[in-house]
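Okay, so here's the structure we're looking at.
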Amino acid sequence: MKQKVPIYFRMRQLVIGFLCTVFSVQGFASAEYDLYSPDRKIHVTVKDTGNSISYELSFNGTAIIQQSALGLESTTLSFYEGGVKKVEKSTFKETWQPLFGKKSQVLNHYNQAIFYVQTEKGLQFNICFRVFDDGVAFRYNLPLQGKIDALEFTKDFSEYNFCGDYAARGIDRNIEGAAFEVRPLSQQKFSKLPLLVETPSAWVALNEASLFDFSEAYLVNPSGKMSMGIDIDKSACRLPMKTPWRVIQIAATAGKLIESDILVNLNDDCQIADPSWIKPGKSMWDWRNHGDTINGFVYGINEASYKRHIDFAAANDIAYTLFDADWYSEKGPAFPREDLDMPGIIKYANDKNVDVLLYVDRHGKRGKLNWNLEEILQTFKRWGAKGIKYGFLAGEVNNRKQFVDTTWSITRLCAKYQMLVTFHDNPIHPGGEERTWPNLIAKEYCHGQQDSRKSFGPSKAVSAPFINGLSGALDMTNGYYDLDGLQNRQKVDKKGLNSTVVGETARCFINYSPLLVLPDNGDEYSKKADLFGFIQQMPVSWDETRVLQGIPGAYLVIARRKGNDWFIAGNTNEDGRTLQIPLSFLAKGDYQLTTFNDGPQAHYINNKLAYSVEKSNTDNRKRFKAVMAPGGGFCLIIRQLTKASK
């Protein structure tokens, strides 16, 4: 006879830390264990048949995931056949402050159950489930197995067996080519994480958090059924060990998934003793400007161009300037090209309170360079640089486990020398690890605009925040203003960029990154200084973030608050769109609106530059009418009026 064991228990007061209960299970009798989210909307049932463990999931009383397998396998041992011997249940609640992010206060509140399993061969492992209001996570923990202190894992049997053939949007192997096609799960053969699934009662994202010391996971569906499974590369691990968290984000709307904090909450606290040197900020960037001609001046890889970027940054309170590939000689990154005095350029920037980030990679001809990264970081620190952009790391590794390990060895080494790092060109996915290593400030885990000199359309621009953006900060390099002249440059898509200038401004805001890399140059931004005012005034770390409206692939409107000021922006797909946005989230009072709008005839193909900037007054009882041109957007700054300003 099955035992029905309730894991959830009600808190009578605010809980800081753990409330813990332990009970033992005799023998290998079959049993079911129920675990609820704190708000009781998410219900997980863990089933123990006596020789295998599985789980089910429902949301608001509706089944989402039916019985799904759990377990691991190594080259020599299996960890899936067995029964539960003991269960530890607990509740945890805290509020913590991130160094930077979309919120200044993060609530970490979950109910937890740890299932201690013994296999028929006497092996020991446990499966830890945590259920939050915004999703479910589970991971495997393996202690020493007698005298065995290392294993090579080859399979992760975790699966997500959905209750219907729901619509899904995934990420292709080459992120730059991801089309975000909507397919039924039965036709979704492969996806990088996350995978976005639309069910009749909820939006679900399959994700991964705390990705350390194990292979990055892919999702696969070789059977053609309504189920996604985990694919890993061989992962040699020392025991004791724990896998990354398998995460199921779940919400009533797709926008609520963007607001979720589950990934950062599943990561450990910061491992940097004093992270005060880590500063989020905006950055100028040289790479896509080569060949742009302004009154006879031609941007390129030279000191005059570099200093021109620095001068604009200094005049507009932009914290960084990033110098991309080809600045160093064939001898390696410690040796600038003969026509570039990089130490002198960095000193020039530092004297103007601008910090410099430098690009490195071993790609192409640079792949033959046998340089030592630690020596390079020592050199960069001596020059006064504050971080690196690391490109094409995937080309240096042989498998996904090595990819993960190398990513974190580089990140830790950068932290040792107080260097920021951002990874580009198909990096491993983010998974909330910025809580643990905040010097890894962003990743290009997306189709960065103009990557491979290819543009993407408006539909992809309003899909990526709902998919790639669920994993973490995206360095997408939004913000082109010279939309009618990009094809004349050297490193861009000759077909141009499909957006409006207001749409580009909004994308800088919609795609959150604590390192906002601006792809155009100061001359182009100065031509539209009133519009650039939104970017100039926009913070990169926030107190509060809300998704006001949005449908993946159609449109998205996000509001963020810093202090008493609110910033709002929206993007739309190829369709023009008018939205009514209630301002009821504002406190009572009178406010000044500064609106940045597409022009009346603006269009992402044939009229990209039309825009207007206007000011008006409002209060929290009114609605804001947002009018977006096809492929465009809008931006809005809301500041409360004081008696003096009235």
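At a glance:
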item: Verdict on residue 483 being of a type outside the set (Gly, Ala, Ser), at pLDDT 95 or above, open to solvent by less than 10 Å² (accessible area, probe 1.4 Å) and closer than 17 Å to residue 609 by Cα; result: yes
item: Flag for residue 255 being touching a residue at least 24 places away in the same chain (Cβ under 8 Å) and on the phi > 0 side of the Ramachandran plot; result: no
item: Given (1) touching an Asp or Glu at 6+ places or on another chain (Cβ under 8 Å); (2) charged (D, E, K, R); (3) more than 30 Å from residue 95 (Cα to Cα), number of the condition residue 396 does not satisfy; result: (1)
item: Selection within the stretch 170-196 - surrounded by fewer than 14 Cβ atoms within 10 Å (Cβ to Cβ) and assigned to a loop (DSSP other than H, G, I, E, B); result: 173, 174, 181
item: Tally, over the stretch 528-566, of residues that are acidic (Asp, Glu) and in a strand (DSSP E or B); result: 2
item: Subset of the stretch 477-505 (residues that are farther than 25 Å from residue 533 by Cα, in a loop (DSSP other than H, G, I, E, B) and polar (S, T, N, Q)); result: 490
item: Count of residues meeting criterion [in contact (Cβ under 8 Å) with a residue 40 or more places away in the chain and either of a type in the set (Ser, Thr, Tyr) or open to solvent by 10 Å² or more (accessible area, probe 1.4 Å) (or both)] in the stretch 434-450; result: 6
item: Which listed residue, of 638, 605, 551, is more than 14 Å from residue 458 (Cβ to Cβ) and at pLDDT 95 or above; result: 638
item: Number of the condition not met by residue 595 [criteria: (1) out of contact with any Asp or Glu (no Cβ under 7 Å at 6 or more places or on another chain); (2) modelled with pLDDT of 95 or more]; result: (1)
item: Of all residues in the stretch 40-56 being in contact with a strand residue (DSSP E or B) (Cβ under 9 Å, 6 or more places away or on another chain) and over 18 Å from residue 84 (Cβ atoms), the one that is least open to solvent (accessible area, probe 1.4 Å); result: 42
item: All positions within the stretch 128-151 that are surrounded by 17 or more Cβ atoms within 10 Å (Cβ to Cβ) and small (Gly, Ala, Ser); result: 135, 137
item: Meets criteria (outside any strand (DSSP E or B), among the β-branched types (Val, Ile, Thr) and either open to solvent by 50 Å² or more (accessible area, probe 1.4 Å) or touching a Leu at 6+ places or on another chain (Cβ under 8 Å) (or both)) for residue 76; result: yes
item: Some residue of the stretch 371-383 being among the hydroxyl-bearing types (Ser, Thr, Tyr), open to solvent by less than 20 Å² (accessible area, probe 1.4 Å) and over 26 Å from the mean Cα position of the chain (by Cα); result: yes
item: In the stretch 315-357, the residues that are outside any helix (DSSP H, G or I) and basic (Lys, Arg); result: 331, 337, 352
item: Count of residues meeting criterion [closer than 16 Å to residue 637 by Cα, within 26 Å of the chain's Cα centre (by Cα) and of a type outside the set (A, V, I, L, M)] in the stretch 565-615; result: 6
item: Residue identified as under 25 Å from residue 101 (Cβ atoms) and not in a loop (DSSP other than H, G, I, E, B) among 587, 569; result: 569
item: Test result for residue 428, in contact with an Asp or Glu (Cβ under 9 Å, 6 or more places away or on another chain) and open to solvent by less than 10 Å² (accessible area, probe 1.4 Å); result: yes
item: Residue check, residue 502 closer than 30 Å to residue 437 by Cα, modelled with pLDDT of 95 or more and open to solvent by less than 10 Å² (accessible area, probe 1.4 Å); result: no
item: Residue count for the stretch 152-163, restricted to those that are open to solvent by 10 Å² or more (accessible area, probe 1.4 Å) and either in a loop (DSSP other than H, G, I, E, B) or free of Cβ contacts under 8 Å to residues at least 40 places away in the same chain (or both); result: 2
item: Number of positions in the stretch 57-72 that are in a strand (DSSP E or B) and either crowded, with 19+ Cβ neighbours inside 10 Å or without any contact (Cβ under 8 Å) to a residue 40 or more places away in the chain (or both); result: 7
item: Some residue of the stretch 277-284 being within 16 Å of the chain's Cα centre (by Cα) and not in a loop (DSSP other than H, G, I, E, B); result: no
item: Number of positions in the stretch 199-211 that are in a loop (DSSP other than H, G, I, E, B) and within 16 Å of the chain's Cα centre (by Cα); result: 2
item: Within the stretch 598-642, tally of residues that are touching a Ser or Thr at 6+ places or on another chain (Cβ under 6 Å) and open to solvent by 50 Å² or more (accessible area, probe 1.4 Å); result: 3
item: Restricting the stretch 112-127 to residues that are of a type in the set (A, V, I, L, M, F, W, C) and open to solvent by 20 Å² or more (accessible area, probe 1.4 Å), the residue that is modelled with the highest pLDDT; result: 114
item: Any hit, the stretch 303-325, residues being out of contact with any strand residue (DSSP E or B) (no Cβ under 8 Å at 6 or more places or on another chain), open to solvent by 20 Å² or more (accessible area, probe 1.4 Å) and either closer than 30 Å to residue 91 by Cα or among the basic types (Lys, Arg) (or both); result: yes
item: Which listed residue is open to solvent by less than 20 Å² (accessible area, probe 1.4 Å), in a loop (DSSP other than H, G, I, E, B), more than 30 Å from residue 144 (Cα to Cα) and free of Cβ contacts under 8 Å to residues at least 60 places away in the same chain, from 291, 300, 224; result: 300
item: Verdict on residue 214 being part of a loop (DSSP other than H, G, I, E, B), open to solvent by less than 30 Å² (accessible area, probe 1.4 Å) and not hydroxyl-bearing (Ser, Thr, Tyr); result: yes
item: Single residue of the stretch 227-243 satisfying the filter (of a type in the set (Ser, Thr, Tyr) and part of a strand (DSSP E or B)) that is surrounded by the most Cβ atoms within 10 Å (Cβ to Cβ); result: 235
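The values are calculated or read from the model by the stated rules, or taken from the named source; none is laboratory data. A quick note: this is a predicted structure, and the numbers were derived from the prediction, not measured. Counting neighbours? That spans all protein chains shown, and the Cβs are built from the backbone with ideal geometry, glycine included. Surface accessibility is based on the protein's heavy atoms, side chains included, excluding ligands, DNA and RNA. Shrake-Rupley method; radii C 1.70, N 1.55, O 1.52, S 1.80 Å.
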